Amino acid sequence: MSEVFRLDTAHTSYWFRVTGQGHLEHLYYGPTLPARQDPDALAVKRTAPIGTSTNYPGADPVYALDNMCLEWSGAGRGDYRETPIETDTATDFRYTGHEYAPAAPDGLPRPHGASQSLRVELADDAVGAALTLHYDVFYDADVIARHAVLSATGGPIQVAKLLSAMVDLPGGDWTLTTLNGAWVKEAHRQALPIGYGIQVNSSTTGSSSNRHNPGVMLAEPGATEEHGRVYGCNLVYSGNHYTAVERSGQDLIRVACGINPAGFGWTLAPGESLATPTVVLTFSDSGYGGASAHFHDFANDHIVPAYWARRPRPVVYNNWEATFFSFDAGKLLKLAKQAKALGAELFVLDDGWFGKRDDDTKGLGDYTVNPRKFPNGLGHFAAQVRKAGLDFGIWVEPEMANPDSDLYRAHPDWAITAPRREPTLGRNQLVLDLTRAEVRDYIVANVGAVIDETGAAYVKWDYNRNLADTDAPGFQHRYLLGLYDVLGRIFGPRPQVLLESCSSGGNRFDLGMLCYGPQIWASDDTDPVERLEIQGGLSLFYPQSTMGAHVSEAPHQQTLRDTPLTTRFNVAAFGDLGYELDLRMLSPVQRKEIKEQLAFYKEHRATFQYGRFRRVDTGMGAKPNKAVWTVSAPGEVIVGVFQTLATAAEGLDRLVVPGMDPATEYRLRTREQSVFLSRFGELIKHIGIRLNPEGMAMTAVNKVYRLTDAVEDYRVFGAALGNGVPLANQFMGTGYNDRVRMLGDFGSNLYLITPTAQTGSTS
Ligand code: GLA
């Protein structure tokens, strides 16, 4: 009988086989199968010919590609569904052999540490083409990674479309979940029914984009965070992506994923090959949360650079929101010292340190330090920051130039422009042509020199506009290859430098960028209520350790929303925590609160950054005005309960904590946090303070006096936590006491859960 490929991970099996005609037939993707399972039983049956099908030559009359589950298809041979490949002719690839061996490096970012690698060779002799399908198994993470490499073995081939992978899954009334958005509102989760026809999740901006993240999930009807069958698919690529989900008339669901064919095009000369980015697939029968857990382990262990895998991330203070472009060394050093006093570990010098960069119209592309801001140079400033007890980090935006820059004046041809057209600008800047070797060399030399001169322990690599004026087919992919080359050359030899990428926030939040730097600034929007959507959405595919999350000012600079300092921390703590507000404006009680926040975060850093993350959709988490997140690590669980808009006399809040050991007794305790008097306005009279809320006395008291939010403290078994623990009443106007939870609009609490004896298992 023909070859059967059985790829198994800890909890899943992915099987396919070679048919008598040499096509690769997908058999199964689901919970782990015993090896002796009969493959015939798994195959989609072909027992009667389906009308208007096109028969494959030389096969039995029911062999029609359109009605089969395939691992790869072509065009023009009777499969009328989405094709992963388009050239100038029909294509029909058939099996020629296989080998258990990994792919050779090819300039694209690839996951590391596969437990098994398989390459299946296919050929289409009529075209003169060979196709290698690569499969990498990540056993512990329950992920299968795939990519395809096309080679011209005869004459030249014009490639209009070459995706990385496709697979046909059994389906029906399933749901497609994607992350959509825009600047300051990235990664909002959307679920749509998979109807007949094709749904496409793609980007065309040149980046993976804040409009549509490359990750998608497919779920059976009724799937929840904890239950149900869910498939996940993501692409290790930072450019234009494309995922087509097609439901056929036979209710097969094809998922095809790779580089967006829009604007793509590639000429393969005889002997040349084209490699595609890696697609990662997972399956879980434990709901969306199960699929997310696989992707989190995968990113932490097999995507981010090995040096940073599971390594603690520092708490940063970044000056951007406090100062924008208006600073000098003295002002920054004061901020750095204050940040240190609160407990921060690394100071990030953001935009504005170079050239004539006093606003965003000039200076990008230049690396000369602004002498007015740093009279003693940058190396000296970095040394002073270190002397103050903080590591030093620096912002760069190396892929760009302002027309008003020395670089552009010297090399106007280095910027991407279209012939006969006036160049487009985004944030007053042009994109440098990273397909050119001299441009890449300039960036590698200059960014490398800045890192070495300052001894930077951290780099924030920004990218603040999208590609345009790129009319040559395939140019945008070549740009990405250039970017990956530059990142590899700068950070490969400096693995200990923590790279946080950024693109006006999360405009390039993808597994490709994470291969070079382990964290990404998730959004320019630090409003915690917005961040519930953004971080919550991203968490479908990316772990907390990848998300830069900072506490900034309120009212918030993008939403005008006034949120408690506690909630700003409570949300940011589920990521790589930082602070960005103006520390000079803090009152003594706010300082105390921040100091306590930082101490708590550092004590539980490993749990916040690497614990198992769950979005809870039962109990309070099922209410429309709540979000509940948990992170669990051996020995402790931290729960975040977030309320968006308050409702009057809010009913019972039942805290459900999934994943606990039912027979272990735990202590559930609220983290102590402040309630500032200013929150109450005139209501303070009800709590016995007879001061004019707008008056000077009140302003003074508010700076030095704070109330403590209700602290609940229970002993509960895991079984009860899974069932839901009723919490104390919320404030409803019937009086304030220290057992009333003061949530209101945008209030939140963190709860710490620890076993009462050191016997329990909590993750
Ligand atoms: C982008 C980033 C911000 C900040 C500014 C600086 O908008 O997302 O965090 O670095 O650039 O210009």
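Among residues other than Ala130 with Cβ under 12 Å from its Cβ, the summed charge is -2 (Lys and Arg +1, Asp and Glu -1).
To the nearest 20 debye, what charge dipole does region 4-296 have about its Cα centre, counting +1 at the Cβ of each Lys and Arg and -1 at the Cβ of each Asp and Glu? That gives a dipole near 360 debye. When the chain is described by a simple charge dipole with +1 on each Lys and Arg Cβ and -1 on each Asp and Glu Cβ, the residue from Leu235, Met166, Ala148 located farthest towards its positive end is Leu235. Note on Lys685: aspartates and glutamates with a C-alpha under 15 Å away, same-chain residues under 8 apart excluded, are Glu694. Principal-axis analysis of the Cα atoms of the chain puts helix 588-603 at an angle of about 40° to the longest axis.
Annotation: amide H of Ser523 within the under-5 Å range of Gly506, sequence separation 5 or more or interchain, hydrogens built in the peptide plane. For region 47-55, the Karplus equation 6.51 cos²θ - 1.76 cosθ + 1.60, evaluated at θ = phi - 60°, returns couplings of 10, 9, x, 9, x, 6, 8, 9, 6 Hz by residue, with Gly and Pro reported as x. Summing Lys and Arg as +1 and Asp and Glu as -1 over all other residues whose Cβ lies under 10 Å from the Cβ of Cys69 gives a net charge of -2. Which angle between 0 and 90 degrees, to the nearest 10, do you get for helix 329-342 versus the longest principal axis of the chain when only C-alpha atoms count? The angle comes out near 80 degrees.
Between the listed residues Val44, Trp308, Thr204, the Cα displaced farthest toward the positive end of the dipole of the chain, a dipole computed from Cβ unit charges relative to the Cα centre, is found at Trp308.
Please sort by residue number the GluC sites (Glu not before Pro) in region 220-249 whose DSSP state is loop and whose Cβ has at most 11 other Cβ atoms within 10 Å.
Answer in residue order: no site qualifies.
Using a cutoff of 8 angstrom between alpha carbon atoms and counting only pairs six or more residues apart, the relative contact order for region 616-755 works out to 37 percent. Once backbone amide H atoms are built at 1.01 Å from N, Ile259 has Ser164 as its partners under 5 Å, excluding neighbours fewer than 5 places away on the same chain. Solvent-accessible surface of the chain, averaged per residue with a 1.4 angstrom probe and all protein chains in place: 36 square angstrom.
Across the chain, Cα pairs under 8 Å and at least six residues apart give a relative contact order of 10 percent. 3J(HN,Hα) along region 128-140: x, 9, 10, 9, 10, 9, 9, 10, 10, 9, 10, 4, 5 Hz, from the Karplus curve 6.51 cos²θ - 1.76 cosθ + 1.60 with θ = phi - 60°, whole Hz, x for Gly and Pro.
Here region 447-489 is scanned for amide nitrogen atoms under 17 Å from the site 7 Å beyond the Cα of Ala383 along Cα-to-Cβ, giving 450-457. In sequence order, region 157-165 has phi-based couplings of 10, 8, 9, 9, 8, 9, 7, 7, 6 Hz under the Karplus curve 6.51 cos²θ - 1.76 cosθ + 1.60, θ = phi - 60°, and Gly or Pro positions carry x.
Element breakdown for the chain at a 1.4 angstrom probe: carbon and sulfur atoms account for 52% of the accessible area.
Which order do peptides 57-66, 163-172 fall in by mean Cβ count within 10 Å, highest first?
Going from most to least packed, we get 163-172, 57-66.
What is the sum of charges, Lys and Arg at +1 and Asp and Glu at -1, for the other residues whose Cβ falls under 12 Å from the Cβ of Glu672? Charge balance in the 12 Å sphere: -2. Note on Val44 and Ser326: the model spin-label points, each 7 Å out from Cα along the C-beta direction, lie 6.3 nm apart.
Applying 0.36 nm per residue to the separation of Thr368 and Arg715 and subtracting their alpha-carbon distance, the gain on full extension is 118.9 nm.
For region 48-123, run through the GluC sites (Glu not before Pro) and keep only the ones in DSSP coil with at most 15 other Cβ atoms within 10 Å of their Cβ. Of the GluC sites (Glu not before Pro), not one in the loops of region 48-123 has a Cβ with at most 15 other Cβ atoms within 10 Å.
The values are calculated or read from the model by the stated rules, or taken from the named source; none is laboratory data. Being a predicted model, the structure only gives us computed values, none of them experimental. Note that we place each Cβ from the backbone using ideal geometry, even for glycine, and neighbour counts take in every protein chain shown. For the accessible areas, the whole protein counts, side chains as well, though only heavy atoms, and no ligand, DNA or RNA atoms are used. Shrake-Rupley method; radii C 1.70, N 1.55, O 1.52, S 1.80 Å.
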